[in-house]
Amino acid sequence: MQLREWQHGMQTAVVSGQDHPRLPLRTAGIDRRTGLGIYQYAYRARLLEALQCNFPALHQLLGDDHFALAGH
């Protein structure tokens, strides 16, 4: 698998939540689904944090829970 294919597969897996079976993931004692779940959670958390930094008034108006829902 070339780097470009690996990057595209990883992006697809993280953004869509679907596994890309050809991804050569190494998991240190955790199953593949859990490993991908960690990347998916971290990706969404960083995006939400970026939205909070860029739209602080909207975040304050909506509150944490509603802002998080709007960010998904």
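The values are calculated or read from the model by the stated rules, or taken from the named source; none is laboratory data. Since this is a predicted model, take the numbers as computed values, not measurements. Here the Cβ is made from the backbone with ideal geometry for all residues, glycine too, and neighbour counts use every protein chain on show. Note: areas computed on protein heavy atoms with side chains; ligands, DNA, RNA excluded. Shrake-Rupley method; radii C 1.70, N 1.55, O 1.52, S 1.80 Å.
Largest to smallest in accessible area, the residues His8, His72, His59 fall in the order His72, His8, His59 (1.4 Å probe, all protein chains included).
Over the chain, the reciprocal of the mean inverse Cα-Cα separation, the Kirkwood hydrodynamic radius, stands at 13.8 Å.
Across the chain, C-alpha contacts under 8 Å between residues 6 or more apart give a mean separation that, scaled by the residue count, equals a relative contact order of 22 percent. From its DSSP helices (H runs of at least four residues, each -39,500 (n - 2.57)), the chain gives a residue-normalised ellipticity at 222 nm of -25000 deg cm²/dmol. Between Thr34 and Gln7, the simple spin-label model (points 7 angstrom out along Cα→Cβ) gives 3.1 nm.
Placing unit charges on each Cβ (+1 for Lys and Arg, -1 for Asp and Glu) gives the chain a dipole about its Cα centre, and among His72, Thr12, Leu61 the Cα reaching farthest toward its positive end belongs to Thr12. Based on protein heavy atoms only, the chain ends up with 82 Å² per residue of surface accessible to a 1.4 Å probe. Evaluated with a Cβ-only charge set (Lys, Arg +1; Asp, Glu -1), the chain carries a dipole of roughly 340 debye about its Cα centre, given to the nearest 20.
Neighbours of Gly35 by Cβ distance under 12 Å: Lys/Arg scored +1, Asp/Glu scored -1, total +1. The HN-Hα couplings worked out from phi for region 11-18 by the Karplus form 6.51 cos²θ - 1.76 cosθ + 1.60 (θ = phi - 60°) are 4, 4, 5, 6, 6, 8, x, 9 Hz, whole numbers, x standing for Gly and Pro.
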